[in-house]
Structure formats: C-alpha cells, structure tokens
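Data block below; observations after.
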Amino acid sequence: MRMFKTSSISLIEASFLFSVFFEPWGPVLRYFGWLLCLVGLSIMVFRGEGGKIKAFVEPVTKKLMLATLLWSLLVTFVNTRGLYFDLKGLSVLIEAFFAVWLSSFVITRYRGALGRFIAVWTASFACVCLWSLWLAFDKGHFAGPFSNVNTMGLYSIVVLPIILYQAMRKRRSLYLEFFYIALFAGNVLLVFLSFSSCAWLAGATLVASFSLIVAKHERRKVLKVLVASCVIFAILGGHFILEDGKVLAYAKREVSQLMSVNSDVARFTTYRNVIWNAVLKLWKEKPLIGWGWSDFHHLAETKIGKLPKVGVPMEPHNFYIELLVKGGPLLLFLGAFLFFRGAQMGYRKVKLSSDQSSKLFYAALFAAIVAQSVFGLGGSILAARQKIGFLFWVLYGIAVAEDPKNEGV
C-alpha cells in the first residue's frame, strides 16, 4: 500500500503554499492550510522525526520573539479581562510568530521551496489584481476583494516587494518581461486606487529603499522597470480619470489632505490624532506594563468610549502606540527591535548572496520591512491579521531564516 504513503514534507509545504495563495480571501482557508501543516508535523513526530521540528530563525530574532511573547503573556495575565478577550488579543501575536516560524521552517528545509513560494505568491496576486481592476473598471469599486480601500492599500504594499522583484529579474522572453513589469504597474495602480496617503508613503519608501540598494549593479534595469511601469500606470490611471470622475476627486481629496499638515492635524491624520491622544492617555494610567494584549476594541469600549468623529476605536491606528499601550516601553522596544533586526538580516543577506537574483530578492525583503515600519506610523500590520498580516510575517520569516536554500529563486 506504498502508493498511499503520505510525505510529511510535501504536505507541510503544500499546505503552507495553500495558505499563502488564499490569504487575501480571508482567514478560513488560511486556517485550513495551517491545520494541514499541523497534520504534516504530527506525521513527522509519529515517524520519529520530531527532533527535526525546530525554529530555523537566527538566534537574536529568536530571543527577541521569545522575550516579546513572555512579556506579553505576563502583562496580559496581570491585566486579564477574561479568558475569551485575553486569548483573542494574544492570538494576534501568536499567529504572527507562527507565520515567522512556518515560513522559515519551509524555506530552509525543503529544496526549491523558495522558488515555489515566489511562484504561488505571484499567482495569488495576479488573481487579486485582475479581479480588483475588473471591479474598478466595471463597477467603480476600488476595494477589490477587501472590505475597504485602506485594507486594499495595505495589501498592495505587502505584496509589492515580491512583485517588484519579479519585474526586476532577468528574463529570456520579452513577453515574460513585459508581463511582470505590467503586473508591477498593476500593483502600483492598486496602491494609488486605495487613496490612502499612508499606503502611498509606504509604497514610495519601499520602491526607493529597494532601488537604492540594487542601483549600483542594476541601475539600467531599475530605470527600465520604473519608466515602463510608469507608462503603463499612466495609461490605466488616465483611463480611470477619464471614465470615472470619482477617481480624480478622491485623488484631489487625498492630496489636499496631505497639504493640510500645517493647518489641520485632524484632517491630515483622518482623525487618527483623536485616537492617538485617547490611547496615549489610557497608556499613562499604566505607563510601565500597559494594558496587556486583551482584545483592544473591548478595552476601548470600557475605558475610552466613543470619540468625536471616530466612535469607539477598533485599533490604535499606529503600530508603535499599539505596542506601548499593550506592553509599555519594554514591548515598544522589543517590537521596534524586531523590525530593525529583520531589516538588518535582509540587508546582510543582500551582501552575502553570491548571485544577482538572490541579491534582488533579499533587497525586496529589506524594503518590505522598512516600508512596514513607515506604514506603522498610521496603521498596524498586527491589526490586519484577517487577510493580510500572515503575508508580511511570512516575508519577515524568510528574512530572518537561517541559511535559506536559494534553489529555484
């Protein structure tokens, strides 16, 4: 009956890739993929291979993750608001770290896994991009498969580094080269159509940081990709502007909002400053340990209440303030250090990579983490776990993975 023998290796990797592909469509399919991953891991244990299940994460990041988790458990226990709300809040952090572990495990352990991951990531985005552009062209709906355009903006930023990497790779086929450049232009268009200044800033940071790293050896390619994608973007964007007056109106509104930085802070931040002030006042009640990871919305209902122009905040809308209110200065330090270490490891791998394709890939990971640290000023990847967060932490996991196999990149 050997024909029915299941390979735990292929099952874990396939389930991981399944979760990556279907992440934009919500958490149910991702959780199903994770369940299959756990089945694969159980098979490894049953076969006596449990010793091979370990975190393939570089030592400093591993210690930072452990310290973050232990401190978070402690402050949540001290500030417990009930088992349900505590677990709901802590699950955000646990899921993020599980994604880091899972991606590092799969990419370092299985030959050719990195190439297959990139292919699945690209295929998933191509589906989302085509669907979103069809909805925008035909229905005037700019959020794609997401509930709102802000979520679309964050998704577009998270997937952008791998799509930019694909556009930058050398291709033997001119048609393939054009396809990936067009896909990158479509990605940039989705960032634009999110009409989120935070996404615009993070996207610009991502492209700029990536270009600065690779420009020394790939200046002509960078210019070629950027110019070609700008032409495609201008054609598609021009069509939207001519066909749908809302696009120009939304764009003008966003630019006007950005220009109000010196005159109207509330308008500039879309009333996020109201939330930040309320959350910081809440933090000052427990400045050393914060309020723990218990569900934030429940905490806001009981401690903050409805805010003018905002209502009850669902999240702090700032990654750094979120860490501060949940775990005080120590958690803020650990979270910021995690971002710094991830970017540092991505940059180090750029320098250590022996081939140009790997250099481009790790430059994309470096840019992804830098961009997310900028996006954190007005949003939080932790608050976007439903359809997006997993994808970013997968990239982070690859950046901090030990000795990743580069076959198939």
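The values are calculated or read from the model by the stated rules, or taken from the named source; none is laboratory data. For clarity, every value in this text was computed on a predicted model and none was experimentally measured. So basically every Cβ, Gly included, is an ideal-geometry build from the backbone, and we count neighbours across all protein chains shown. Side chains are part of the model used for accessible areas, which takes the heavy atoms of the whole protein and leaves out ligands, DNA and RNA. Shrake-Rupley method; radii C 1.70, N 1.55, O 1.52, S 1.80 Å.
Among the residues of this structure, V78 does not count as one that is open to solvent by 30 Å² or more (accessible area, probe 1.4 Å), more than 22 Å from L382 (Cα to Cα), modelled with pLDDT under 95 and not small (G, A, S).
In segment 131-160, which residue that is among the aromatic types (F, W, Y) and under 24 Å from A367 (Cβ atoms) is farthest from the chain's Cα centre (by Cα)? Don't jump to the end; show me each part of the working.
Initially, segment 131-160 is screened for residues among the aromatic types (F, W, Y), giving 131, 134, 137, 142, 146, 155.
So of that shortlist, the ones also under 24 Å from A367 (Cβ atoms) come out as 146, 155.
Values: F146: 15, Y155: 7 Å.
For segment 131-160, the residue satisfying everything is F146.
Taking the numbered list (1) in contact with a strand residue (DSSP E or B) (Cβ under 9 Å, 6 or more places away or on another chain); (2) modelled with pLDDT under 95 in turn, A383 passes all entries but (1).
Within segment 9-23, if we keep just the residues that are among the β-branched types (V, I, T) and either open to solvent by 50 Å² or more (accessible area, probe 1.4 Å) or closer than 21 Å to Q386 by Cα (or both), the residue that is nearest to the chain's Cα centre (by Cα) turns out to be V20.
Annotation: F125 fulfils all but one of (1) modelled with pLDDT of 85 or more; (2) more than 30 Å from A55 (Cα to Cα); the unmet one is (2). Every condition in (1) at positive phi; (2) surrounded by fewer than 19 Cβ atoms within 10 Å (Cβ to Cβ) is met by H217 except one, and the failing one is (1).
Checking the stated criteria, F46 turns out to be farther than 30 Å from M345 by Cα, at pLDDT below 90 and either among the polar types (S, T, N, Q) or open to solvent by 30 Å² or more (accessible area, probe 1.4 Å) (or both).
Just one of L331, L324, L360, L307 is under 27 Å from V207 (Cβ atoms) and among the aliphatic types (A, V, I, L, M); which is it? Step through it out loud before you land on a result.
Working: L331 fails: under 27 Å from V207 (Cβ atoms); L324 fails: under 27 Å from V207 (Cβ atoms); L307 fails: under 27 Å from V207 (Cβ atoms).
Of the residues listed, the single one that is under 27 Å from V207 (Cβ atoms) and among the aliphatic types (A, V, I, L, M) is L360.
Of all residues in segment 96-110, those that are among the aliphatic types (A, V, I, L, M) have Cβ atoms under 6 Å from Cβ atoms of residues that are open to solvent by less than 10 Å² (accessible area, probe 1.4 Å) and not in a helix (DSSP H, G or I), 6 or more apart or on another chain, in I107/A401. Scanning segment 113-142 for residues that are crowded, with 18+ Cβ neighbours inside 10 Å and within 13 Å of L190 (Cα to Cα) turns up F125, V128, C129, S132, L133, A136, F142. Just name the residue that is farthest from M152 (Cα to Cα) out of those in segment 185-205 that are of a type outside the set (A, V, I, L, M) and surrounded by fewer than 24 Cβ atoms within 10 Å (Cβ to Cβ). Only one residue fits best here, namely T205.
Has segment 357-369 got any residue that is touching an Asp or Glu at 6+ places or on another chain (Cβ under 9 Å) and either aromatic (F, W, Y) or open to solvent by 20 Å² or more (accessible area, probe 1.4 Å) (or both)? Looking through segment 357-369, at least one residue is touching an Asp or Glu at 6+ places or on another chain (Cβ under 9 Å) and either aromatic (F, W, Y) or open to solvent by 20 Å² or more (accessible area, probe 1.4 Å) (or both).
Within segment 162-183, can one find any residue that is open to solvent by less than 10 Å² (accessible area, probe 1.4 Å), more than 18 Å from the chain's Cα centre (by Cα) and under 21 Å from W34 (Cα atoms)? No - not one qualifying residue is present in segment 162-183. Enumerate the pairs (first residue in segment 372-394 and closer than 15 Å to R30 by Cβ and open to solvent by 10 Å² or more (accessible area, probe 1.4 Å); second residue anywhere and at pLDDT below 95 and assigned to a loop (DSSP other than H, G, I, E, B)) with beta-carbon separation below 7 Å, excluding pairs fewer than 6 apart on the same chain, so at least 6 apart or on different chains. Listed pairs, sorted by first residue: Q386/G26; K387/G26; K387/F146.
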